Structure formats: C-alpha cells, structure tokens
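No value in this document is a laboratory result; all are computed from the given coordinates. On a predicted model such as this, the values are computed, not experimentally measured, just so you know. A quick note on method: Cβ atoms are made from the backbone with ideal geometry, for glycine too, and the neighbour counts reach across all protein chains shown.
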Amino acid sequence: MTTAISVKNLTKTFGKTVAVDHITFEIPEGIVYGLLGPNGAGKTTTLRMLSTVIKPTEGTATVLGYDILREPLKIRERIGVLPEDTGLYDRLTPVETLIFYGKLRKMNRNEIMKNMDVFLSMLGLEEKRNEKVGTFSKGMKQKVALLRAILHKPNLLFLDEPTSGLDVVSAHDIRDFIAKEASEGKTVVLSTHNMWEAEKLCQEVGIVDAGKIAATGTIGDLEKLTHEAALEDVFIHLVKGEEP
Amino acid sequence: MSDMGIMARIGLAAKSPLAAIVWREVLDALRDRRTLITAAILPMLLVPLSINLPMFFMSPQRNPPNIGVLQLDAEASGFIALIKSVEELRVTDLSQGQNLTKLVETNTYDVVVVIPDNFTKLIREEKKAAIQIIYDGSNQRSSSGVILIKALEGAYAQAIVEERLRERQIDPALLSPIEVNTIDIKGVSQAQAMVGMLIPYFIGLLSILAGASFVNDTTAGEKERKTLEAFLTMPVTRLQILLGKYFGVMILSLMGVFFQFIGMYVGMSIYLTLFQELIGEAAQPLVISPASFAIIALFSLILSMTGNAILMTVCTFAKSFKEGQQYTSSLVTAFAVPLIIIMYLPPSLLSKMLLLPLLGPLVAMRDAIFNIYTPTQIVLALLSSIVYLSALLFAAHKTFSSDKILFRA
C-alpha cells in the first residue's frame with residue numbers, strides 16, 4: 001500500500017510550550033485515519049503542520065510525496081482541509097464562497113460551476129446557494145466549509161472535528177459523506193473526540209496525548225495491545241495509563 | 001449561472017488568485033452596513049456640518065449678536081445711529097433701572113453698551129469720553145459683538161478727530177504719515193496660504209486614515225473570526241494573500257477618500273457662499289494648475305499606500321478587532337504629529353523634510369498648491385516615498401509570514 005503521509009520527529013513549540021513533541025507515524029493511502037486525543041493534545045497543531053498552514057519547529061513530513069517545508073504549495077493544491085472553525089465569511093453566499101476558493105485554487109469557471117452544482121445538491125444546499133452564510137445553522141455552515149474543502153476533488157482530506165457541536169442529522173450527513181469519500185479510495189485524516197465515530201469510520205487511528213503519539217495502528221491492533229475490547233477503553237488506557 | 005448575482009459573476013471573472021482576494025475583500029466590506037455608514041454617509045453629512053456649523057455661530061451676519069444700548073445722554077444719537085445702522089447687530093434700547101450684568105449673564109443680550117450722560121458734553125469739550133461695554137468673554141457671539149462695537153467706536157472717534165482737524169484747517173491725512181506697500185516674492189495669495197496649510201492636513205489625514213477600519217477588519221478581524229486558517233490552506237503564498245488584502249483595502253480607502261472629498265467640496269462651497277464676510281480675500285477663487293492637481297493626487301495616493309502599509313503591519317499583531325482598534329487609535333495620534341508640524345514649520349526646514357516618510361509627500365503637496373515646486377524636489381519626494389513604502393510592505397510581509405504572530409493565543 002502506498003504511503004499518503006509520512007511523519008518523522010515532527011515538533012512544534014510556541015515559546016516554551018511544546019504543542020507537538022517529536023511524533024513519527026505513517027498513514028497509508030485510501031484509508032480513514034483517526035487522530036484521537038484529549039483537548040490540547042496537539043491534534044490541531046499536527047493537522048496544521050501537515051496541511052502546511054504552519055511550519056514545524058523540528059522534524060519533517062511528506063504529504064502525497066511532497067515535503068511540507070520545501071513544497072507547501074504543491075501539497076495545498078492536492079489536499080482539502082476542514083479546520084476546527086468553519087472560517088466562513090458571513091456576508092458571502094455559498095456560491096460566492098465557492099467561487100472565491102475555487103479561484104484561489106486556479107480552477108476555471110466551468111470546473112467551479114460544475115463541481116459546485118454537484119456538491120451543493122449532494123449536501124442538500126441547493127436552495128440556499130444564494131443566501132448569506134451568516135444566516136445559516138451550524139450544520140449548514142459546516143457543510144459549506146466541507147464543500148470548500150472538496151470543491152477541487154482532492155485525494156487527501158484533513159477534517160478537524162467535523163461533527164463537533166452539530167445536530168444529529170447534520171452529523172449523520174457529514175459522516176455519510178466521509179464514508180462515501182473513503183469508499184472512492186480517498187485518504188481522510190480525521191481528528192475527533194468521538195470514539196463511536198472513529199470506530200465507525202476509521203481503519204486506523206493514532207492516539208495523541210501531550211503532543212506525543214501514544215499508539216498507532218488499526219483499532220484491532222490497539223485493542224490487542226491494551227487488552228481492551230472497545231476503542232473508548234483503549235483510549236482511556238493509553239491516555240490515563242489505567243484500565244477503565 | 002442564470003441565478004447568480006452580479007457580484008458572483010464578477011468573482012467568477014477574476015483572472016488570478018490575487019484578483020479573487022481583492023474581489024472578496026471589497027465585496028465583504030461593501031456588504032457591511034457599517035462600511036456604508038462610516039465611509040460614505042457620515043463623511044458626506046458630517047464634513048460639511050463640521051466646516052459650517054462653527055462658522056454659523058461665528059458669523060455676525062448669519063447669527064447677529066443682540067446688543068442692548070442704555071443711552072443716558074439724549075444728545076448721543078450720532079453714535080447710537082451708527083450702531084443701529086450695522087446690519088450684523090440686533091440693537092435694542094434699554095431703560096434705566098435694569099440689572100445690566102444680569103442681562104448679559106442670562107444671555108438676554110450678548111453685549112450691553114452704556115452711553116453715559118456726559119458723553120456728548122465731554123466730546124464737545126474735547127475731553128476723553130468713555131462708554132461702557134458689558135460682555136461675556138466665554139460667549140463667542142458676545143465676543144464678536146464687542147469686536148464690532150469697538151470697530152464702530154474707532155470709526156466714530158476717527159470721524160470726530162478728522163472733523164476737529166478740518167476745523168483747525170489741518171489736513172486729516174496728517175494722521176496717516178506712512179503708507180505700507182507689500183511685495184510677496186512667492187506671489188502666494190492669502191487664499192493659497194490658507195488652503196496650502198489646510199489641504200495637506202486634511203488630505204493627509206483622510207488618505208492615511210480612511211483605510212484604518214478596513215485594515216483592522218481584514219487582519220485582526222479575520223483572526224478573531226477565525227477565517228484566516230481556511231485561507232492559509234489554499235495554494236497561494238502569504239505574499240499573495242497580503243497583497244490581495246492590501247489592494248482591496250486600497251480600493252476601499254480611495255472610495256472613503258472620495259466620499260470625504262465630496263463632503264469637503266460641499267462643505268467648502270457652502271462656506272464660500274454663506275460666510276464670505278469671515279474670510280474676505282480667501283473667498284476669491286483659488287486656481288490650482290492641472291500639474292499641481294496631479295502632484296496632489298499622486299502624493300495623496302502615496303500617503304494612503306504608506307498609511308495602509310503601516311496599519312497592516314501593526315494590525316496583524318492584534319488578535320482581535322478590539323485590540324487592533326487600540327493600535328489604530330495610537331497610530332492616529334502618531335500620524336497627526338507630522339500633519340500638524342507641516343502647518344507651522346518655516347520654509348527653510350520644510351525643504352529638508354522632502355526625504356522623510358509621510359512628511360515628504362505633505363511638503364510636496366504644499367509646494368504644489370503654492371506652485372513653488374521644482375521637478376527635482378518632486379522626484380526626490382517620490383523616490384524616497386517608494387523606498388519607504390517598499391520597506392513597509394516588506395515589514396508587513398514579514399509580520400504576516402510569522403506563525404507566532406498569526407496564531408498568537
């Protein structure tokens with residue numbers, strides 16, 4: 001299996017705070033990989049470094065074969081990112097939002113329009129396409145942000161807490177969407193708190209705690225390693241160092 | 001495409017990521033009602049009002065002072081008639097027994113003039129006669145009234161002296177033994193002098209500050225609303241993002257300056273029509289040559305670009321719009337210093353300021369208004385301004401490229 005992401009000793013410090021501490025792991029192509037960890041564990045900082053939003057203090061990584069330090073633009077052309085906050089402009093409509101980001105990706109007019117129509121319809125936003133995003137519910141905003149990430153049909157997606165704070169229906173729609181992307185052979189890196197969601201969607205997970213990778217592998221591997229029967233118990237075992 | 005708005009169509013026509021960033025900046029700002037109010041409506045209303053309202057209260061013609069006259073000398077009708085003949089004064093006769101100080105204190109009258117009973121007798125005897133003026137120095141209209149009464153008293157006294165001299169067969173011209181003839185070597189009229197002081201101040205202030213709220217919104221505001229991170233995941237460089245934002249802000253600033261200019265034009269037109277008596281010679285039309293106008297416009301643009309580059313560098317440090325506002329208010333104070341300095345520096349020092357940031361363009365504007373510029377001076381001011389602007393944009397790029405600053409907790 002080809003490697004989508006290869007991380008070596010990746011480290012990020014902010015002043016005296018070590019957010020990510022020499023992590024090393026690999027993610028094969030075509031799977032959903034879950035980054036699990038408590039708040040402040042370093043998941044978001046790791047995703048930011050891999051999506052080349054911030055530079056690491058030490059170490060390096062390759063994403064889709066490109067070095068995060070030397071070739072950040074090539075990586076950004078090929079990935080889609082859903083940050084923790086949707087980061088949408090409230091005074092723009094979904095159509096204007098997607099045109100803006102499509103143009104930043106140098107997509108041509110026809111490509112933007114074609115992909116926009118398909119995805120707006122797929123996520124049930126067709127009727128809201130010309131309404132300002134500021135009037136949308138959190139679930140609808142999350143869908144627009146997801147559309148922004150997939151407009152150019154990337155092969156690798158970074159999703160940071162994609163269902164956090166959403167209502168049941170919106171969360172269900174987004175999980176369905178992730179499963180569909182995975183079924184098409186795309187690689188998805190998913191940061192989540194939700195163990196049930198990780199169990200349902202991820203083929204492999206990495207448990208992050210205090211900036212380090214406590215363990216990584218398939219859910220079955222981690223259950224064997226910790227002698228636990230459920231992912232939540234594996235997580236508690238690894239993070240708290242005790243049996244639940 | 002058919003159900004797309006005009007703004008979306010414009011965005012779709014963007015030829016480069018940079019153009020798309022500029023489009024988004026302008027669209028987002030124009031959709032903000034606060035932008036419309038602060039950048040367009042308020043300047044067009046407030047600037048004319050701020051120019052003309054003080055003038056209305058200062059102008060005796062539009063707002064004549066109320067003068068109460070207590071005439072204790074029945075023969076002093078000449079002086080009283082002179083006061084009553086002035087259109088800019090509203091004169092009322094007072095009767096004895098009233099508390100005159102109270103009348104001024106309560107603003108019933110702005111000025112009370114008391115003509116003593118021996119006024120005519122003393123003048124006739126060629127002795128010094130005295131009139132009493134009661135006024136309120138804290139009241140602008142009262143002060144204007146006093147100035148007018150004193151001017152009348154001066155004219156009346158002059159007429160008496162001239163009459164006395166004629167009675168003695170002496171030419172009254174004896175009182176004016178010297179005539180002064182002035183030669184202005186620069187040929188600057190009083191109107192030019194006034195405008196030459198005010199235009200660099202106003203245009204400088206407008207050009208530098210018109211973009212402040214837009215810069216703050218697109219830097220600190222984006223950080224606060226957490227819209228920046230998604231932006232940074234796109235395949236564009238930080239320099240492209242910065243320049244897109246910068247050009248967007250420049251378009252918005254120039255729109256702001258345009259509306260301020262309309263406000264100033266309307267305000268000045270009203271001023272020149274209604275308050276000519278206050279400005280005298282300055283009311284004459286001021287002619288600025290096309291070349292001077294082009295120089296003023298060029299340096300106004302440079303000031304705006306410089307101001308926005310400084311604001312961009314500083315506001316990127318702020319993590320919230322509120323923090324950005326604190327920085328911009330401090331900068332406003334800092335920017336005001338060169339603007340005030342330029343109004344009062346002697347010419348010998350002004351020429352040395354051409355190479356300094358902010359001051360150079362202001363001096364060039366002043367010289368263009370006075371039509372005393374040389375091409376060398378303009379080129380020097382222009383080149384030095386471009387150097388400073390490049391350095392400031394480099395600093396803004398450095399700031400915008402720092403993860404530590406952009407993701408400051």
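Quick look at the values:
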| item | result |
| --- | --- |
| Interchain or long-range residues, amide H under 5 Å from residue A:20's placed H | A:12 |
| Debye-sum result for the range B:263-409 in log10 I(q)/I(0), which assumes one identical scatterer on each alpha carbon, at q = 0.15, 0.20, 0.21 Å⁻¹ | -0.91, -1.21, -1.26 |
| In sequence order, calculated HN-Hα J values of the range B:32-39 (Karplus, 6.51, -1.76, 1.60; Hz; x Gly/Pro) | 8, 4, 4, 4, 4, 6, 6, 8 |
| Dipole magnitude of the range A:90-233 about its Cα centre (Cβ charges: Lys, Arg +1; Asp, Glu -1), debye to nearest 20 | 1040 |
| Residues whose placed amide H lies under 5 Å from that of residue A:189, excluding near-sequence neighbours | A:33, A:157, A:158, A:159 |
| Alpha carbon centroid spacing (whole Å) that separates the range B:201-264 from the range B:329-350 | 24 |
| Label-reachable residues, the range B:43-69, where backbone N falls under 17 Å from a point 7 Å from residue B:131's Cα toward its Cβ | B:65-69 |
| Overall dimensions of the range A:1-45 by Cα: Rg and Dmax, Å | 12.2, 39 |
| All-pairs Cα distance distribution in the range A:162-203, expressed in whole percent, bin size 10 Å | 28, 62, 10 |
| DSSP-defined antiparallel bridges as percent of all bridges, the protein assembly as shown, nearest 5 | 50 |
| Whole-Hz ³J(HN,Hα) from phi, Karplus 6.51 cos²θ - 1.76 cosθ + 1.60, for the range B:261-272, glycine and proline x | 5, 4, x, 5, 5, 4, x, 5, 5, 4, 4, 5 |
| Residue among B:111, B:156, B:369 farthest towards the positive dipole end of the protein assembly as shown, charges placed on Cβ | B:369 |
| FRET efficiency for residue B:183 and residue B:6, using Cβ-Cβ distance with R0 set to 60 Å, rounded to 0.05 | 0.50 |
| Helix axis angle, B:321-344 relative to chain B longest principal axis, alpha carbon, degrees | 50 |
| Label point distance in nm, residue B:150-residue A:16, each placed 7 Å from Cα along Cα→Cβ | 6.8 |
| Extension reserve of the residue B:386-residue B:36 stretch, reckoned as 0.36 nm per residue once the Cα distance is removed | 122.9 nm |
| Per-residue Cβ neighbour rank within 10 angstrom, fewest leading, B:56, B:259 | B:56, B:259 |
| Virtual spin-label span in nm between residue A:221 and residue A:200, 7 Å along Cα→Cβ | 2.5 |
| Sorted peptide list for B:110-121, B:173-184, criterion being average Cβ within 10 angstrom, highest first | B:110-121, B:173-184 |
| Where labels lie 7 Å past Cα in the beta-carbon direction, separation of residue B:288 and residue B:140 in nm | 2.6 |
| On Cα atoms only, tilt of B:42-58 relative to the major axis of chain B in degrees | 10 |
| Shape call, the protein assembly as shown: gyration tensor on alpha carbons, a/c limit 1.5 | prolate |
| Per-residue HN-Hα couplings for the range B:363-368 [Karplus 6.51, -1.76, 1.60; θ = phi - 60°; Hz; x = Gly/Pro] | 5, 4, 4, 4, 5, 5 |
| On Cα atoms only, tilt of B:375-400 relative to the major axis of chain B in degrees | 50 |
| Residues of type aspartates and glutamates that residue A:128 reaches as a straight line, Cα spacing below 20 Å, ignoring anything fewer than 8 places off in the same chain | A:90, A:96, A:117, A:167, A:173, B:3, B:28 |
| Residue exposure sequence - A:234, A:188, B:22 - by fewest surrounding Cβ within 10 Å | B:22, A:188, A:234 |
| Amide H contacts of residue A:208 (H built 1.01 Å from N, under 5 Å, at least 5 apart or other chain) | A:36, A:37, A:214 |
| Debye intensity ratio I(q)/I(0), log10, chain B, q values 0.07, 0.09, 0.10 Å⁻¹ (C-alpha model) | -0.54, -0.75, -0.84 |
| Largest-first principal axis extents, alpha carbons of the range B:66-175, Å | 49, 27, 21 |
| Residue-span extension gain [residue B:157 to residue B:272] - 0.36 nm each, minus C-alpha spacing | 38.1 nm |
| Flagged links, alpha-carbon separation over 18 Å, of A:12/A:43; A:43/A:143; A:55/B:398; A:12/B:404; A:12/B:223; A:103/A:186 | A:43/A:143; A:12/B:223; A:103/A:186 |
| Difference of contour (0.36 nm per residue) and Cα-Cα distance, residue B:105 to residue B:176 | 21.5 nm |
